[in-house]
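What follows is one structure encoded as structure tokens, with my remarks underneath.
The values are calculated or read from the model by the stated rules, or taken from the named source; none is laboratory data. All of these numbers come straight from a predicted model, not from anything done at the bench. Virtual Cβ from ideal backbone geometry, glycine too; neighbours counted across all protein chains shown.
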Amino acid sequence: MTDPLTVSEGERVRLSYGNHSMMSHPMHLHGRFFKVVNSALPQQRWILKDTFVIDHMQRIDVEFLADNPGRWIHHCHNLYHMKAGMANLVVYDDYNQSIEL
């Protein structure tokens, strides 16, 4: 029951994660790849992924170019976390209509 993250086509989107728990979370965004932000490297060398693990007490930022319109689920791959609500939708402007999950 979380609000969707609305993006515009062509927008560069940065998601920031802060894991304040003692568990790791394998985070996944359907419909695209994203780059793991590493300020010590030029952007061309950032790692390209569709899933990454954010360890306990860690911070990670990822970036993607919003170039694949639709509604895409963004969630923790631990199914009990996803079922408990660790999920939302990334929705492009043109697709942001009432959605039932």
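Would the range 22-40 turn up any residue that is in contact with an Asp or Glu (Cβ under 8 Å, 6 or more places away or on another chain), loosely packed, with under 13 Cβ neighbours inside 10 Å and not in a strand (DSSP E or B)?
Scanning the range 22-40, I find no residue that is in contact with an Asp or Glu (Cβ under 8 Å, 6 or more places away or on another chain), loosely packed, with under 13 Cβ neighbours inside 10 Å and not in a strand (DSSP E or B), so the answer is no.
Of H74, H81, which residue is under 18 Å from R14 (Cβ atoms), outside any loop (DSSP other than H, G, I, E, B) and touching a residue at least 12 places away in the same chain (Cβ under 8 Å)?
Working: H81 fails: under 18 Å from R14 (Cβ atoms).
Exactly one residue qualifies, and that residue is H74.
Please find, among I54, I60, I47, the residue that is over 14 Å from the mean Cα position of the chain (by Cα), closer than 15 Å to L29 by Cβ and free of Cβ contacts under 8 Å to residues at least 60 places away in the same chain.
Working: I54 fails: over 14 Å from the mean Cα position of the chain (by Cα); I60 fails: over 14 Å from the mean Cα position of the chain (by Cα).
The unique qualifying residue is I47.
Considering only the range 10-21, state which residues are touching a strand residue (DSSP E or B) at 6+ places or on another chain (Cβ under 6 Å) and assigned to a loop (DSSP other than H, G, I, E, B). Steps first, answer last, please.
Just the residues of the range 10-21 that are touching a strand residue (DSSP E or B) at 6+ places or on another chain (Cβ under 6 Å), to begin with: 12-19.
Scanning the range 10-21 gives a single hit, N19.
Would you pick out the residues in the range 64-81 that are loosely packed, with under 15 Cβ neighbours inside 10 Å and farther than 12 Å from G31 by Cα?
Listed by number, the residues that qualify are H77, L79, Y80.
Mind checking which residues of the range 5-21 are surrounded by 11 or more Cβ atoms within 10 Å (Cβ to Cβ), among the charged types (D, E, K, R) and either within 12 Å of V53 (Cα to Cα) or in contact with a Leu (Cβ under 9 Å, 6 or more places away or on another chain) (or both)?
E11
What number goes with the only condition from (1) modelled with pLDDT of 95 or more; (2) surrounded by 11 or more Cβ atoms within 10 Å (Cβ to Cβ) that L48 does not pass?
Single failed check for L48: (2).
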